[in-house]
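Novice: Got a structure for you, questions after.
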Amino acid sequence: MSTTSANKTTVGRQAQLPLGRAFKISMNSLRIRFWRSMVTAGGIFLGIAFLATVLTQWLMQWPVAPKVDAGFIRLDGQINGPGDYDVYKPVPVEAGVQAGIPEEVIKRVQLKDGNNFSLTEIIQGQLQEKRAVRNLARVKKEWQSLSKYEKDLPLYVDILGGKDIKIGDAVKAGVPKAIVAKAVVHGETIEWARLFKELQRTGKPDSITLATALNKDITPAQAISAGIPKDLVDAVMAVPREIEDEEESEDSGPPPPKPGAFRGTLLAKVLDENPDFWTEFRYVNNLRKVLPVYADMAAEKDIRVEEAVKAGLPRKVAEKMASQYPTFKGADLIDIFREQTDGIKPIYLATALDQDITIKDAVRADIPIAIAKKLAGSGKAFKGSSLNDLIKDHPRWIKIWTARVSRNAIFDTAPQAAIDKLAKSYSISLKEALDEGKGPDAKSANLGNLMIVNADGRKVKVNLNREPALAAATPLVSGDYVFIPDINSFYRMWWLVGMSLLVCMVGITNSMLMAVTERFKEIGTMKCLGALDSFVVLLLVLESSLLGICASGLGWLLGFVSMVLLAGFTKGWDVVATMNPWLVLGSLGVCVVAGMVLTLVATILPAMQAARMPAAMALRSEI
Amino acid sequence: MATVDKKEYVVRTKDLVKEFTMGGQTLRALKGIQLDIYKGEYISIMGPSGSGKSTLFNMVGGLDKPTDGTVFINDVDMAQLDAQELAFLRCRTIGYIFQSFNLIPVMTALENVTLPMVFAGLSQDECNERGMELLNMVGLGDRYHHKPTELSGGQQQRVACAWALANAPSIILADEPTGNLDLKTGKEIIDLLKKLNKENNVTIIPATHDLKMLDISDRIVWIRDGYVERIEERADVQLQVGVMENEEH
């Protein structure tokens with residue numbers, strides 16, 4: 001090794017390092033202080049993530065269109081009285097008949113004026129029928145599994161409730177006789193025959209309920225004078241005689257009712273069979289509660305004291321009649337169950353002991369999983385008593401859906417071609433919809449940016465400011481969602497973008513200042529070793545722009561993915577699917593460029609300051 | 001002992017003045033330093049803390065600009081150089097050794113040593129070859145892939161020596177090279193510097209108050225309060241290093 005460069009009178013000029021070399025050095029530096037760099041990048045990352053959420057929202061046209069029912073359109077945004085409106089104008093009856101809609105159907109949906117009918121209601125009726133058929137099938141299937149618990153489960157709920165239980169019932173419900181015998185005490189249940197006699201004697205309840213209990217004939221006039229709605233009386237009278245006769249011949253008991261009258265128990269039966277009828281009448285609701293008790297009496301069933309009192313029987317009478325019928329207390333049985341569980345199905349035992357039934361156990365016991373999940377709510381288990389309530393409630397649902405199916409079946413007779421034809425010629429235009437919605441508020445509605453979202457998610461933009469005639473020329477279709485944005489929403493979005501960029505800028509500047517400051521010593525050293533000022537700047541800028549690209553790319557990913565997930569889970573995945581993939585790529589580009597530019601702007605000043613600083617001062621700095 | 005050609009100056013300072021403004025008060029760190037350093041000389045700059053050693057060091061190394069006066073390196077006036085020429089000078093003519101080593105923490109020993117060569121425009125292969133040669137010379141050939149944090153203080157300072165030699169400079173400036181080292185490793189570094197001085201005929205200028213340096217210096221410049229107090233030939237200094245060791249801080 002030998003020294004050179006002695007005796008130089010002129011000094012050479014230091015050459016700039018090739019870019020490739022500088023790139024390699026900065027890559028190396030980034031690689032080595034990876035985690036430190038990631039922290040620096042965090043500021044960029046979060047800022048750009050914020051920007052990306054705003055951009056993604058914008059791409060998805062948030063707020064997004066909700067689903068609109070068939071036959072309707074929805075006006076939303078800056079419009080007075082936004083809401084759902086019929087998408088079809090009233091259709092004249094003649095036009096409907098001509099198109100081939102059956103007259104019975106038209107009669108069902110006739111408007112008050114009598115000359116027109118509503119096409120929307122036909123479409124809604126068809127939808128409701130489909131829904132009812134689907135639901136009926138579901139509840140029936142569920143009932144197949146549930147019904148086998150129908151008979152026995154209530155008993156175990158009664159045991160849990162500490163009620164009195166008859167020995168015979170317990171044995172029938174699968175409690176071994178030996179266990180029952182241990183729990184037998186004397187209890188109180190009214191023997192039907194004694195109750196019957198007592199009622200006849202006192203005549204305390206009103207005439208209708210008494211007639212029900214005694215299964216006497218009631219004439220419509222009597223019923224109406226007793227306050228029963230005419231609808232209900234009509235429905236009872238409309239029950240075919242043959243069925244009634246048939247049932248009674250099976251019983252081979254009392255003679256058939258006189259013509260023009262009906263049997264008291266029939267009233268309870270009709271009420272029970274039409275659960276979705278007349279629910280709004282308080283009187284009917286009361287009948288619903290009271291009549292079954294009396295119907296039970298008529299059917300010679302035993303009645304509980306409490307039920308009899310609730311149904312209007314004086315408590316004194318009821319208690320006096322409490323017989324010496326052998327019963328036992330449910331609470332006693334619970335203690336026995338704790339020790340002796342042989343021969344009792346786990347689900348019953350869990351009910352009696354008020355234990356939790358997990359969804360898994362329920363499914364193993366053949367309970368439909370949908371039901372188990374519904375009962376468990378947000379948890380993983382439910383109580384047997386809630387299952388019992390549901391079992392009691394379930395037949396009602398079967399009846400409700402059966403009634404709906406039969407009521408809406410008529411709409412299926414309207415041919416689809418006729419509906420389509422009418423829908424085309426009687427659909428309303430955008431102008432008519434806006435008029436019906438009392439017109440948008442010109443001050444705040446952005447009519448130049450009006451948007452129609454079709455039922456299939458396709459978006460149409462309408463500029464009514466530029467082409468006012470377009471409103472009358474744009475027909476709306478069933479399920480359309482018309483969004484009239486707020487003028488301010490446009491500015492608000494840009495304000496958000498601006499704010500997010502500002503947040504970004506502050507975060508990045510801070511990170512970069514820190515990153516440069518803590519490297520002052522290193523920069524001084526490099527200058528001692530012959531690095532040019534411009535090289536120091538180049539090195540820092542290269543590093544930070546690499547960092548900026550990566551961090552903003554990742555930030556975009558975070559913002560985009562979180563927004564997509566949020567929209568997907570709250571508004572539906574079809575909303576996400578409406579985004580244009582090219583625009584999504586564009587938003588990535590915007591984010592990366594913004595991140596890089598912000599990073600460069602934030603880096604270049606501290607980098608230049610660091611490079612210009614005399615080497616001696618940079619070396620002295622201690623961080 | 002290197003043969004010193006008295007005619008050939010490598011560093012000359014003329015009326016060197018440096019003022020710092022601190023809190024509105026002007027502090028004169030250097031008050032007109034006149035110093036001629038010959039090629040191939042081992043010349044220690046001695047003085048207590050705050051005497052202006054480091055300031056002089058920075059002026060001579062071109063790391064800072066003097067308030068007044070001139071510094072000539074190889075007869076070139078430093079004040080006349082632009083940034084690129086100054087960088088060229090720092091890269092090839094002067095090697096620096098610092099008290100706190102100042103190795104770049106994220107680079108390995110080899111990468112550190114080759115960095116000045118990269119700045120000098122050598123290819124990667126040339127850099128690696130010469131870098132390994134230098135590391136072998138300072139006895140760290142087998143530790144080339146270690147980062148500074150994985151090396152002891154003495155090893156780091158030896159890497160710094162190799163670093164300073166990277167582009168075969170004619171001057172090595174060392175600012176308290178043994179200040180952060182214990183006695184034994186400090187002695188090793190001093191020996192290494194002396195070896196470089198002898199074998200490569202490099203001018204070594206350590207600013208120090210380590211008295212061990214006195215023993216091997218050709219000349220000693222004593223600085224006090226920004227003045228050159230006296231310049232002694234080594235022969236004039238009668239010091240028993242062994243006695244003085246106890247006075248180490």
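The values are calculated or read from the model by the stated rules, or taken from the named source; none is laboratory data. What you are looking at is a predicted structure, and each value in this text was computed from that prediction instead of being measured. Every residue, glycine among them, receives a Cβ derived from its backbone with ideal geometry; neighbour counts consider all protein chains shown. Quick note on the areas: whole protein, heavy atoms, side chains included, nothing else; ligands and nucleic acids left out. Shrake-Rupley method; radii C 1.70, N 1.55, O 1.52, S 1.80 Å.
Novice: Tell me which of these A:THR509 doesn't satisfy, since it passes every other one: (1) crowded, with 19+ Cβ neighbours inside 10 Å; (2) farther than 24 Å from A:GLN57 by Cα; (3) in contact with a helix residue (DSSP H, G or I) (Cβ under 6 Å, 6 or more places away or on another chain); (4) touching a residue at least 40 places away in the same chain (Cβ under 8 Å).
Specialist: Unmet condition: (1).
Novice: Taking the condition assigned by TED's automatic domain parsing to the domain that holds A:GLY548, more than 30 Å from A:ASP456 (Cβ to Cβ), at pLDDT below 85 and open to solvent by 80 Å² or more (accessible area, probe 1.4 Å), does A:LEU46 pass? Steps first, answer last, please.
Specialist: On the way: assigned by TED's automatic domain parsing to the domain that holds A:GLY548: yes; more than 30 Å from A:ASP456 (Cβ to Cβ): yes; at pLDDT below 85: yes; open to solvent by 80 Å² or more (accessible area, probe 1.4 Å): yes.
Taking the combined requirement at face value, the residue satisfies it.
Novice: What is the one condition in (1) surrounded by fewer than 19 Cβ atoms within 10 Å (Cβ to Cβ); (2) aliphatic (A, V, I, L, M); (3) assigned to a helix (DSSP H, G or I) that B:LEU122 does not satisfy?
Specialist: Only one criterion in (1) surrounded by fewer than 19 Cβ atoms within 10 Å (Cβ to Cβ); (2) aliphatic (A, V, I, L, M); (3) assigned to a helix (DSSP H, G or I) is unmet by B:LEU122, namely (3).
Novice: May I pose another question? I'd like to verify a number: residues in the stretch A:93-126 that are part of a strand (DSSP E or B) and touching a Phe, Trp or Tyr at 6+ places or on another chain (Cβ under 8 Å), how many? So that I can check it myself, show each step before the final result.
Specialist: Of the residues in the stretch A:93-126, the ones part of a strand (DSSP E or B) are A:110, A:116-117.
In the following step, the residues that additionally are touching a Phe, Trp or Tyr at 6+ places or on another chain (Cβ under 8 Å) were identified as A:110.
Final tally of qualifying residues: 1.
Novice: So the check is Cβ under 7 Å with 6+ separation or different chains; which pairs have a first residue in the stretch A:602-617 that's more than 13 Å from chain B (Cβ to nearest Cβ) and a second one that's of a type outside the set (Val, Ile, Thr) and open to solvent by 30 Å² or more (accessible area, probe 1.4 Å)?
Specialist: Qualifying pairs under 7 Å: A:ALA602/A:MET505; A:PRO606/A:LEU513.
Novice: Touching a residue at least 40 places away in the same chain (Cβ under 8 Å), over 27 Å from B:LYS198 (Cβ atoms) and not polar (S, T, N, Q): does that describe B:GLY32?
Specialist: Numbers: touching a residue at least 40 places away in the same chain (Cβ under 8 Å): yes; over 27 Å from B:LYS198 (Cβ atoms): yes; not polar (S, T, N, Q): yes.
Yes, satisfied.
Novice: Another one. Take the residues of the stretch B:104-136 that are more than 8 Å from chain A (Cβ to nearest Cβ) and aliphatic (A, V, I, L, M): which is nearest to A:GLY530 (Cα to Cα)?
Specialist: So the residue we want is B:MET117.
Novice: Having 2 or more residues that are surrounded by fewer than 17 Cβ atoms within 10 Å (Cβ to Cβ) and hydrophobic (A, V, I, L, M, F, W, C) is the bar; report the strands (runs of 3 or more DSSP E) wholly within the stretch B:1-116 that clear it. Steps first, please.
Specialist: Working: elements: B:9-22, B:25-38, B:43-46, B:68-73, B:94-97.
Answer list for the stretch B:1-116: B:9-22.
Novice: Which is within 28 Å of A:TRP35 (Cβ to Cβ), open to solvent by less than 20 Å² (accessible area, probe 1.4 Å) and not aliphatic (A, V, I, L, M), of A:GLY559, A:GLY568, A:GLY530? So that I can check it myself, show each step before the final result.
Specialist: Values: A:GLY568 fails: within 28 Å of A:TRP35 (Cβ to Cβ); A:GLY530 fails: within 28 Å of A:TRP35 (Cβ to Cβ).
Sole residue among the options that is within 28 Å of A:TRP35 (Cβ to Cβ), open to solvent by less than 20 Å² (accessible area, probe 1.4 Å) and not aliphatic (A, V, I, L, M): A:GLY559.
Novice: Picking from A:LEU111, A:LEU75, A:LEU127, which residue would you name as being under 13 Å from A:ALA414 (Cβ atoms) and hydrophobic (A, V, I, L, M, F, W, C)? Before you say what the answer is, go through the steps one by one.
Specialist: On the way: A:LEU111 fails: under 13 Å from A:ALA414 (Cβ atoms); A:LEU75 fails: under 13 Å from A:ALA414 (Cβ atoms).
Result of the check over A:LEU111, A:LEU75, A:LEU127: A:LEU127.
Novice: Check every one of the strands (runs of 3 or more DSSP E) wholly within the stretch A:304-390 and list those with 1 or more residues that are surrounded by 17 or more Cβ atoms within 10 Å (Cβ to Cβ) and at pLDDT 65 or above. Working first, answer last.
Specialist: Values: elements: A:326-329, A:356-358, A:381-383.
Once the strands (runs of 3 or more DSSP E) in the stretch A:304-390 are filtered for at least 1 residues that are surrounded by 17 or more Cβ atoms within 10 Å (Cβ to Cβ) and at pLDDT 65 or above, what remains is A:356-358, A:381-383.
Novice: For the stretch A:96-112, which positions are open to solvent by 20 Å² or more (accessible area, probe 1.4 Å) and in contact (Cβ under 8 Å) with a residue 12 or more places away in the chain? Quick ask: steps written out before the conclusion?
Specialist: Within the stretch A:96-112, the first condition is being open to solvent by 20 Å² or more (accessible area, probe 1.4 Å), and the residues that meet it are A:97-100, A:102-104, A:107-108, A:110-112.
The answer is A:ALA99, A:GLY100, A:PRO102, A:GLU104, A:ARG108, A:GLN110, A:LEU111.
Novice: Let me ask something additional. Scan the stretch A:533-555 residue by residue and report those that are surrounded by fewer than 24 Cβ atoms within 10 Å (Cβ to Cβ) and away from every other protein chain (no Cβ under 11 Å).
Specialist: Pass one, the stretch A:533-555, residues surrounded by fewer than 24 Cβ atoms within 10 Å (Cβ to Cβ): A:533-535, A:537-539, A:541-542, A:545-546, A:549-550, A:553-554.
If the condition is that a residue be surrounded by fewer than 24 Cβ atoms within 10 Å (Cβ to Cβ) and away from every other protein chain (no Cβ under 11 Å), then A:VAL537, A:LEU538, A:LEU539, A:VAL541, A:LEU542, A:SER545, A:LEU546, A:ILE549, A:CYS550, A:GLY553, A:LEU554 are the ones that fit.
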